[in-house]
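The structure under discussion appears below in the form of structure tokens.
The values are calculated or read from the model by the stated rules, or taken from the named source; none is laboratory data. Quick caveat: nothing in here was measured; it's all calculated off a predicted structure. Backbone-built Cβ (ideal geometry, glycine too); neighbour counts: all protein chains shown.
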Amino acid sequence: MAKILVVDDQLGVRRLLFETFREDKHLVEMAANGEEALQLLKTFEPDLILMDMKMPGMNGIETLAQIRSVDQEVGVIMMTAYGDAQNMEQAKELGILYYIGKPFDLFELRERVGGVLKTT
């Protein structure tokens with residue numbers, strides 16, 4: 001059982017991923033934005049973070065930079081509907097594991113998460 005933090009400003013996406021990974025017997029917490037994610041990073045201590053790139057307030061890159069200042073090791077998978085090359089490059093420099101495009105294939109995401117969690 002792993003701890004997964006889902007960070008997305010869309011409630012529907014958060015709920016879908018929450019339910020999916022709870023079914024897979026993981027502990028799951030949700031954050032609607034970067035500020036909530038940073039608070040949960042300290043108290044929940046996730047093994048993996050699934051994070052949207054485009055959020056109000058702090059975007060995914062800004063949130064990821066803050067996460068890295070606190071935790072260099074936590075795995076991060078970025079989700080985005082916007083394949084902005086500059087943002088992708090920044091995210092890679094900050095050590096993300098994968099990029100998943102939105103809308104995502106839930107089975108593919110589950111496989112990707114399963115693979116990541118087996119190696120941690």
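Return a yes/no flag: does the range 46-68 have any residue that is under 23 Å from T119 (Cβ atoms) and loosely packed, with under 15 Cβ neighbours inside 10 Å. Step through it out loud before you land on a result.
Here is the first cut: in the range 46-68, the ones under 23 Å from T119 (Cβ atoms) are 46-51, 60, 64, 67-68.
Among the residues that remain, those that are also loosely packed, with under 15 Cβ neighbours inside 10 Å are: none.
No, the range 46-68 contains no residue that is under 23 Å from T119 (Cβ atoms) and loosely packed, with under 15 Cβ neighbours inside 10 Å.
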Of everything in the range 37-53, what is at pLDDT 95 or above and assigned to a loop (DSSP other than H, G, I, E, B)? Give them in sequence order. E45, P46, D47
Tell me which residues, restricted to the range 4-36, are in a helix (DSSP H, G or I), in contact with a helix residue (DSSP H, G or I) (Cβ under 7 Å, 6 or more places away or on another chain) and among the β-branched types (V, I, T). T20
Residues located in the range 1-28, provided they are surrounded by fewer than 19 Cβ atoms within 10 Å (Cβ to Cβ) and among the acidic types (D, E): D9, E19, E23, D24
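When the range 73-93 is examined, which residues are found to be closer than 16 Å to L5 by Cβ and either of a type outside the set (G, A, S) or in contact with a Cys (Cβ under 9 Å, 6 or more places away or on another chain) (or both)? Before the answer, list the steps.
So the first thing to find is which residues in the range 73-93 are closer than 16 Å to L5 by Cβ, and the list is 73-79.
Listed by number, the residues that qualify are E73, V74, V76, I77, M78, M79.
Quick one: count up the residues across the range 33-42 that are in contact with a strand residue (DSSP E or B) (Cβ under 9 Å, 6 or more places away or on another chain) and not aliphatic (A, V, I, L, M).
The qualifying residues number 4.
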Of (1) of a type outside the set (D, E); (2) within 26 Å of D24 (Cβ to Cβ); (3) surrounded by fewer than 17 Cβ atoms within 10 Å (Cβ to Cβ), M78 satisfies all except one. Which? (3)
For the range 46-54, check the following and say yes or no: at least one residue is under 14 Å from V6 (Cβ atoms), among the basic types (K, R) and either touching a residue at least 12 places away in the same chain (Cβ under 8 Å) or in contact with a strand residue (DSSP E or B) (Cβ under 8 Å, 6 or more places away or on another chain) (or both). no
